[in-house]
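The values are calculated or read from the model by the stated rules, or taken from the named source; none is laboratory data. Source: prediction; values computed, not measured. Counting neighbours? That spans all protein chains shown, and the Cβs are built from the backbone with ideal geometry, glycine included.
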Amino acid sequence: MKTKSNLESVLEAGHFAVTAELGPSQNADPEVIRRKAGIIKGYVDAFNVPDGQSAVVAMASWAACLIGKQEGLDPIVQMTCRDRNRIALQMDILGIAALGVNNMLCLSGDPVSFGNHPQAKPVLDVDSIQLVKIVKDLRDEKRFQNGGPIQGREPQLFIGAVTNPFAELLDHEVIRLEGKFNAGANFVQTQSVYNIKRFERWMEIVRERELHRKVKIIAGITPLKSLAIARFMKTKLPGVDIPDELIERIRKANTKEQVQREGIKIAAETISRLKQIEGVSGIHIMPIEWEKAIPEICEASGLYPRP
């Protein structure tokens, strides 16, 4: 009998899902994850932990996810292709499934040049779309990537991928989304949404191809904690589109507390608009070490209590 994750059950029931990202510690202290898990418990349906985000060494996603699972949360393990070949990927997939993890997000991984070990050699044996297909074949076909059969229990994973609605070539990004669905993705989490008009245009193309009926789309939300962070994201992070009027709203706030209140207000307003867009099945909050903002955002946007 198939074991469904809480996230899969929420989405299948037609509820507007809420997921959140917990940043892993750069040490071996499990209390960091336990503390963060305690902040968001009851406010989200599932949580992610990045896997070597920005190619910086931090606690492995699977390990941090297991700590969060012990605290009663539904984990989404992130797995990147940058650091593993197809053998290691399949080994880790079997391992997380055996330990009771039922969600997995497939990513290519940030370039090694972004991080603190630039001398490291990237693997990239497969890309994220191929990884999605590998997970699907393990789950649905009960076979390894080499074609050999799985003898016994297969990993029952709800398969996720990522997408960027703010890529320069919108049609191309929608085609990539379709490729991820065809490979086996059940849900996707998007880049952070600030420019609603551009996101709505992307969703129009998604709906034209009927993809919103095939894959659950969870829109990304990153609350703006400071003017410096907002300006950095706008000018330095590829694929992030923050309209000038939002930057100005943050700039006009006089104190740190006012800036943070405005950031939470902008996030709640964005969520309210996203909830009205056909085909958006939920939101994914990426707080960037500001987990305490998640309960406030959920309450301000009417997403608490959870179903």
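Close Cβ contacts (under 8 Å, 6 or more residues apart or on different chains) running from residues in region 172-201 that are over 16 Å from residue 278 (Cα atoms) and touching a residue at least 24 places away in the same chain (Cβ under 8 Å) to residues that are among the polar types (S, T, N, Q) and in a loop (DSSP other than H, G, I, E, B) comprise 173/164; 191/164; 192/222. Screening 33, 40, 87 for residues that are in contact with a Cys (Cβ under 9 Å, 6 or more places away or on another chain), among the aliphatic types (A, V, I, L, M) and under 29 Å from residue 118 (Cα atoms) leaves exactly one candidate, 33.
Taken together, the residues in region 35-64 that are buried (at least 17 other Cβ atoms within 10 Å of the Cβ), at positive phi and more than 16 Å from the chain's Cα centre (by Cα) amount to 1. Per the listing 216, 252, the residue uniquely among the basic types (Lys, Arg), modelled with pLDDT of 95 or more and touching a Ser or Thr at 6+ places or on another chain (Cβ under 6 Å) is 216. Close Cβ contacts (under 7 Å, 6 or more residues apart or on different chains) running from residues in region 255-280 that are under 12 Å from residue 219 (Cα atoms) and touching a residue at least 60 places away in the same chain (Cβ under 8 Å) to residues that are surrounded by 22 or more Cβ atoms within 10 Å (Cβ to Cβ) and β-branched (Val, Ile, Thr) comprise 270/193; 270/221; 274/193; 274/280; 274/283; 279/206; 279/217; 280/217. Within region 31-56, the residues that satisfy the criterion of being among the charged types (D, E, K, R) and either within 30 Å of residue 123 (Cα to Cα) or in contact with a His (Cβ under 9 Å, 6 or more places away or on another chain) (or both) are 45, 51. Restricted to region 19-28, and to residues there that are in contact with a strand residue (DSSP E or B) (Cβ under 6 Å, 6 or more places away or on another chain) and hydrophobic (A, V, I, L, M, F, W, C), the residue that is nearest to residue 63 (Cα to Cα) is 22.
Is it true that some residue in region 279-290 is of a type in the set (Gly, Ala, Ser), modelled with pLDDT of 95 or more and closer than 26 Å to residue 32 by Cα? So far as region 279-290 goes, no, none of its residues is of a type in the set (Gly, Ala, Ser), modelled with pLDDT of 95 or more and closer than 26 Å to residue 32 by Cα.
The residue pairs whose first member lies in region 215-238 and is under 15 Å from residue 255 (Cα atoms), whose second member is surrounded by 18 or more Cβ atoms within 10 Å (Cβ to Cβ) and acidic (Asp, Glu), and whose beta carbons are closer than 9 Å, counting only pairs six or more residues apart or on different chains, are 224/262.
So for region 64-83 (the condition being closer than 17 Å to residue 131 by Cβ, at pLDDT 95 or above, out of contact with any strand residue (DSSP E or B) (no Cβ under 9 Å at 6 or more places or on another chain) and of a type outside the set (Gly, Ala, Ser)), does at least one residue qualify? For region 64-83, residues closer than 17 Å to residue 131 by Cβ, at pLDDT 95 or above, out of contact with any strand residue (DSSP E or B) (no Cβ under 9 Å at 6 or more places or on another chain) and of a type outside the set (Gly, Ala, Ser): present. Checking 205, 242, 247 one by one, the residue that is farther than 23 Å from residue 44 by Cα, aliphatic (A, V, I, L, M), surrounded by 15 or more Cβ atoms within 10 Å (Cβ to Cβ) and free of Cβ contacts under 8 Å to residues at least 24 places away in the same chain is 247 and no other.
For region 97-138, a tally of residues being part of a helix (DSSP H, G or I), surrounded by fewer than 16 Cβ atoms within 10 Å (Cβ to Cβ) and touching a helix residue (DSSP H, G or I) at 6+ places or on another chain (Cβ under 8 Å) returns 2.
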